[in-house]
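See below for the structure under consideration.
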Amino acid sequence: MNVRIIPTKPFADQKPGTSGLRKKVAAFKVPHYLESFVQSVFDVVAAPAGSTLVLGGDGRYHNREAIQVILRMAAANGFGRVLVGQGGILSTPAASCVIRKYGTHGGIILSASHNPGGPEGDFGIKYNTGNGGPAPEKITDAIFARSAVLSSYRILDTAGVDLDRIGRQMLGDMAVEIIDPVADYAELMESLFDFSAIRELIDGGFRLCFDAMHAVTGPYALEIIERRLGAPAGTVINGVPLPDFGGGHPDPNLTYAHELVEIMNGDSAPDFGAASDGDGDRNMILGRGFFVTPSDSLAVIAANAALAPGYADGIAGIARSMPTSAAADRVAGKLGVPCYETPTGWKFFGNLMDAGKVTLCGEESFGTGSSHVREKDGLWAVLFWLNILARRRLSVEEIVHRHWAEYGRNVYSRHDYEALPSDVAAGVMAQVRGRFADLPGQRFGDYRVKFCDDFSYTDPIDGSLSSGQGLRIGFEDGSRIVLRLSGTGTEGATLRIYLEAFEADPARQKADAQQALAPLIAIADEISQLRQRSGRERPTVIT
Ligand code: G1P
Ligand code: ZN
C-alpha cells in the first residue's frame, strides 16, 4: 500500500456548526482543506484498524470528488471496509439507517442540507457515530481542536474507485462496497408503516404530489411512493438529483418549495403534498390549500402514532427543540409520557433515544423523526402522514382542525432575517439581553412578561451543559418570543425570531397565524429594535 503523508498547515476555521462543517464550495477546494478536516475526524474517532465506515452524500456539486479523497484517506488510516451509496448518494436518514443496520464504526455524510449547491453554492461534511447519529459536541469540539494543530494527513497514492458499479472493489487493503442507496432504507420504512393501507388509499383515487426538489430524495421517493405504494408516474416531481439542485434552494418551506405550493393551492390540487430537502432529512406537509406547521405535524403524528404498525405499542416519550411550539407537550401530557425540551439541533435527541426515553422527536425547522434512525427523516414523516390519512380517511385540514379542537392550537410562526451583517445581528441580541433585567412584570398591551432567559440545557443522560441556546421572553398567558442566531448559515448572520401564542377557543383557532401573532410580532420588534438596527422592513422568510 502506497501511503503518503502530506504536510499541511492547520486551519483555524473548521469548527463544526449545528450540523457539521459547512462552507462555500470554494473553501473546500482550497488545497488540503477537506483532507485536514477528514484527518482530524479520523484522529479523534480513532477507529480500531479494520473498522467499517459508511460514506455518501446528497449528490451536490463536489460530492464525487470529495468521496474519492475520503476513500483514499480511509484506506491510509486503517479502515478495513467502506460502504458507499451508488453514485456517492446516501440521504442523511439512509446513511443513519445503514450505519445502524450494519453496526459500522460510524459514517461520513457529505451535505450542506437545504443550502444551495453548485460551484458557487455550499458544501458540507459531518461525522456520525456508531448509533447512526451526528457526533455529540464533545467529539465535534475535539475535531475542531485537532484541526487547529494538525500538521499532516495520510492518503493513499492511487486512482479512485468506480462509484457507479454495485459490488466490492479494493483500494489498497481496504474493501469499498458500492451499495444500493435505497434498498435498506425502503425495507426499514416497510417495517414501520402500513403499506397495504396506503396502497389501498391510493388505489381508491387519493392523489398526492411529492417534490424532491432535484435533491437526494428523488430515487427514494420514486422507489417507495411510485413503485412500492403504486402512486401513478409523475407523483414525484423534480425527482432527478442534480449537482446544483436545478439552480433552486432545496429547502422545503413555503418560500423555496413554491412549485409544490402553487400545485397545492391550485384548482386541481391533489389531496396531499410534501417536499424534502437537499439531503432528505427535512419535510414539509401540505393539504389542499393548507399548510401544516412542523410543530403541529409532530403533535399530530404523536397523537396518531398508534395507527402505524411500528408504533402500535405506544411511544416512550417525545423530545422537541426549545423553539418548537409546545403543541407536542400537550399530546405527551394526555398520553402520560414525558416531553423533553432540548437545544436546537438533532444531535441533542441522540442520548434520549439511545436511553429509550423518547420515540418521537421534532424541530420547528421542518425536522421530524423517531428512534428508527438517529437523524430526522423527511420521507418517514411523509409516510407517517400517509399512514394516518389511510387509516382516518379525513383530509389533512380536517385532521389538524380536529387536533386543535381537542388539544388547543399553539399558533406559531418563525421569521428569518438572513445574511445580516454579523455586528448588526450581535447588536440585536445584545439589545434584547440588555432588557432582561427590566422586562419581567412589564406589560405590552394584553401581554405581561413573566420571564426572560438565555436557554441552557443539561443533558439528562450524560450531564453535559449547553448554554447560550437562544433568548426567551415568556408571557403570562404562555405566549413567547424566542430569538436565536443560526448556526448553519454561510453568509453573514441569520437571525431567527420564533413567535408562539396559545388559542384554546375553537371558534378562533382557524385564524391566519400572522394576524393572530401580530401583537407579538410588534412586541418583538419593540424589544429588539430589529427593524431600526437592521434597516430591514420585513423578514427574508416567514414560516
Ligand atoms: C437549522 C434549524 C435547526 C436544524 C438545523 C439543521 O439550524 O433551525 O432546527 O437542526 O438547521 O438542519 P440553525 O440554522 O437555526 O442553527
Ligand atoms: Zn437537511
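The values are calculated or read from the model by the stated rules, or taken from the named source; none is laboratory data. These numbers were taken from a predicted model, which means no experiment stands behind them. Using ideal geometry, Cβ is built from the backbone for each residue, glycine included, and neighbour counts are taken over all protein chains shown.
Annotations
- Condition met for residue 409 (within 16 Å of ligand 1 (Cβ to nearest atom) and either touching a Lys or Arg at 6+ places or on another chain (Cβ under 7 Å) or at pLDDT 95 or above (or both)): no
- Residues in segment 366-377 that are part of a loop (DSSP other than H, G, I, E, B) and under 22 Å from residue 209 (Cβ atoms) were compared, and the one that is farthest from ligand 2 (Cβ to nearest atom) is 377.
- Among the residues of segment 88-123, those identified as within 16 Å of ligand 1 (Cβ to nearest atom) and of a type outside the set (Gly, Ala, Ser) are 92, 93, 109, 110, 114, 115, 116, 122, 123.
- Take the conditions (1) touching a residue at least 60 places away in the same chain (Cβ under 8 Å); (2) part of a loop (DSSP other than H, G, I, E, B); (3) aliphatic (A, V, I, L, M); residue 143 misses just one of them, which is (2).
- Residues that are in contact with a Pro (Cβ under 8 Å, 6 or more places away or on another chain) and at pLDDT 90 or above within segment 481-523 comprise 482, 484, 493, 496, 497, 498, listed in sequence order.
- Consider segment 41-60 and keep the residues that are in a loop (DSSP other than H, G, I, E, B) and either at pLDDT below 95 or within 19 Å of residue 220 (Cβ to Cβ) (or both). The one that is farthest from ligand 1 (Cβ to nearest atom) is 59.
- Residue in segment 85-135 that is surrounded by the fewest Cβ atoms within 10 Å (Cβ to Cβ), counting only those that are more than 16 Å from ligand 2 (Cβ to nearest atom) and assigned to a helix (DSSP H, G or I): 101
- Taking segment 239-248 as the range and being within 16 Å of ligand 2 (Cβ to nearest atom) and crowded, with 21+ Cβ neighbours inside 10 Å as the test, the residues that pass are 241, 245.
- Set 54, 82, 41: member being crowded, with 24+ Cβ neighbours inside 10 Å, closer than 23 Å to residue 215 by Cα, in contact (Cβ under 8 Å) with a residue 40 or more places away in the chain and touching a helix residue (DSSP H, G or I) at 6+ places or on another chain (Cβ under 9 Å): 54
- Sole residue being within 16 Å of ligand 2 (Cβ to nearest atom), among the aromatic types (Phe, Trp, Tyr) and either closer than 21 Å to residue 229 by Cα or touching a Lys or Arg at 6+ places or on another chain (Cβ under 8 Å) (or both), chosen from 385, 380: 380
- Cβ-Cβ contacts under 8 Å between residues 6 or more apart (or on different chains), taken from a first residue in segment 101-118 that is over 14 Å from residue 63 (Cβ atoms) and at pLDDT 95 or above to a second residue that is of a type in the set (S, T, N, Q) and crowded, with 24+ Cβ neighbours inside 10 Å, are listed as 106/128; 107/96; 107/128.
- Pair list, Cβ < 6 Å and 6+ apart or interchain, from segment 256-278 residues that are within 26 Å of residue 376 (Cα to Cα) and within 16 Å of ligand 1 (Cβ to nearest atom) to residues that are assigned to a helix (DSSP H, G or I) and modelled with pLDDT of 95 or more: 275/260; 276/217; 276/378
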